[in-house]
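The values are calculated or read from the model by the stated rules, or taken from the named source; none is laboratory data. Keep in mind that what you see is a predicted model, and the values were worked out from it rather than measured. Here Cβ is always computed from backbone atoms with ideal geometry, including for glycine, and neighbour counts include all displayed protein chains. Side chains are part of the model used for accessible areas, which takes the heavy atoms of the whole protein and leaves out ligands, DNA and RNA. Shrake-Rupley method; radii C 1.70, N 1.55, O 1.52, S 1.80 Å.
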Amino acid sequence: IDFDLILENIKYLNLLAGEDICQIEHTLQGARLRQPEPLPLTLYRNGIVMCNGAFRPYQDPSTQQCLQDIMDGYFPSELQPRYPNGI
């Protein structure tokens, strides 16, 4: 696992997702600015935790696919059901 590449690509993906860019949210009283919800990812020596979920060891195939997606410069494909229109 290339952790340097993962961290570099996460910075790039955060920019694509609109990090530090406010979006307009319409409310009953008008509108307000809001920042996109962050998707926390914690890297450990022996696994990851994503979106405050369960610990996932690096040997798990879904963890390997998630990290491979990031290393390839893509958002993890497992997020598609949660964000069908993209991040």
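List the residues, sorted by chain then number, that are 5 or more residues from Gly47 or on another chain and whose placed amide H is less than 5 Å from its amide H.
Tyr58
How much accessible area per residue does the chain have, counting only protein heavy atoms and a probe of 1.4 Å, in square angstrom?
Spelled out: the 1.4 Å probe surface of the chain, per residue, equals 75 Å².
Of Glu37, Glu19, which has the most accessible area with a 1.4 Å probe, and how do the rest follow in descending order?
Final ranking, largest accessible area leading: Glu37, Glu19.
At 7 Å along the Cα-to-beta-carbon direction for both Arg82 and Asp60, put a label point, then send me their distance in nm to one decimal.
About 1.2 nm, to one decimal.
Between 0 and 90 degrees, rounded to the nearest ten: what's the tilt of helix 61-71 against the longest Cα principal axis of the chain?
Helix 61-71 sits roughly 70 degrees off the main axis of the chain.
What do you get for Rg/Rh over segment 3-81 if you use C-alpha atoms and the Kirkwood form of Rh?
1.07
For the chain, take the longest principal axis of its alpha carbons; what is the angle in degrees between that and the long axis of helix 3-16, to the nearest 10 within 0 to 90?
20
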